[in-house]
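For reference, the structure is listed below as structure tokens.
The values are calculated or read from the model by the stated rules, or taken from the named source; none is laboratory data. From a predicted model like this one, the values you see are computed outputs, not experimental measurements. So basically every Cβ, Gly included, is an ideal-geometry build from the backbone, and we count neighbours across all protein chains shown.
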Amino acid sequence: MHKFYILLFCLATICPAYANEKPSELRNSITSTAPIGFATLKKFGFQVYDAALWADVQAFTYKKPFALTLTYKLGFSRQQLVEKSIEEISRIHAPNEQAISQLTVQLNETFPNVAAGDRITAVYTPNQKVQIFHNGRVRPAISADYARLFMDIWLSPRTSEPAVRAKLLQTADNLQSKGE
């Protein structure tokens, strides 16, 4: 029984450090060796995912490249990911039906089914597509037309998870809704 508690202690101290480890897919896009911020999304007592925001600037801005990595603690189907993303984007931005339709097609092509332990990374570059990676492998990108809408799921002041946003940004005041 004593060994069990030692194992639990080791896992509790190692896992958070591992979650902050720089994903290999960021090797050519982000030089920083540590995320700006880190948060865990919890729902009804369950950990849903760990999120890490990576950038080469101290204060987050949409004017510079950045990446958001989600490491899932639970499994979700592609359909669940698409539906939740469209729900959040619609709540934040209220896009027209044509935009929702086009974005739904893109997300269906981009998202895989995810299992516990899987990692999805979105690399944002201003005025370009958002490149998506699943466990380090390139997936279809999200067009530049919808890049900001997609990233706003986590980074908009109107996100449904303001505590996660604040931890990612290290302060709720870093992201300004005007001009950034």
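Remarks
- Single match in Arg119, Arg78, Arg27 (criterion: farther than 17 Å from Gln170 by Cβ and in contact (Cβ under 8 Å) with a residue 40 or more places away in the chain): Arg119
- Contact annotation: residue pairs with Cβ atoms under 7 Å, 6 or more positions apart or on different chains, pairing a residue in the range 44-57 that is on the phi < 0 side of the Ramachandran plot and in a loop (DSSP other than H, G, I, E, B) with a partner that is modelled with pLDDT under 95 and not charged (D, E, K, R), are Asp56/Ile30; Asp56/Thr31; Asp56/Ser32.
- In the range 148-176, the residue that is modelled with the highest pLDDT out of those that are among the hydroxyl-bearing types (Ser, Thr, Tyr) and surrounded by fewer than 19 Cβ atoms within 10 Å (Cβ to Cβ) is Ser160.
- Against the numbered list (1) of a type in the set (Val, Ile, Thr); (2) free of Cβ contacts under 8 Å to residues at least 24 places away in the same chain; (3) surrounded by 17 or more Cβ atoms within 10 Å (Cβ to Cβ), Thr104 comes up short only at (3).
- When the range 56-71 is limited to residues that are under 13 Å from the mean Cα position of the chain (by Cα) and not hydroxyl-bearing (Ser, Thr, Tyr), the one that is surrounded by the fewest Cβ atoms within 10 Å (Cβ to Cβ) turns out to be Leu70.
- Residue match in the range 72-89 (condition: farther than 25 Å from Gln128 by Cα, modelled with pLDDT of 95 or more, acidic (Asp, Glu) and buried (at least 17 other Cβ atoms within 10 Å of the Cβ)): no
- With respect to being over 19 Å from Arg139 (Cα atoms), without any contact (Cβ under 8 Å) to a residue 24 or more places away in the chain and assigned to a loop (DSSP other than H, G, I, E, B), Ala34 fits the description.
- Residue pairs meeting the criteria (Cβ under 6 Å; at least 6 apart or on separate chains; first in contact (Cβ under 8 Å) with a residue 12 or more places away in the chain, in the range 140-163; second of a type in the set (Lys, Arg)): Ala141/Lys129; Ser143/Lys129; Ala144/Lys129; Thr159/Arg165
- Number of positions in the range 122-147 that are of a type outside the set (Ser, Thr, Tyr), surrounded by 17 or more Cβ atoms within 10 Å (Cβ to Cβ) and farther than 19 Å from Pro23 by Cα: 3
- Selection of first residues in the range 123-136 that are free of Cβ contacts under 8 Å to residues at least 40 places away in the same chain and of second residues that are aromatic (Phe, Trp, Tyr) and assigned to a loop (DSSP other than H, G, I, E, B), restricted to Cβ pairs under 9 Å at least 6 apart or on distinct chains, gives the following pairs, ordered by first then second residue: Ile132/Phe111; His134/Phe111.
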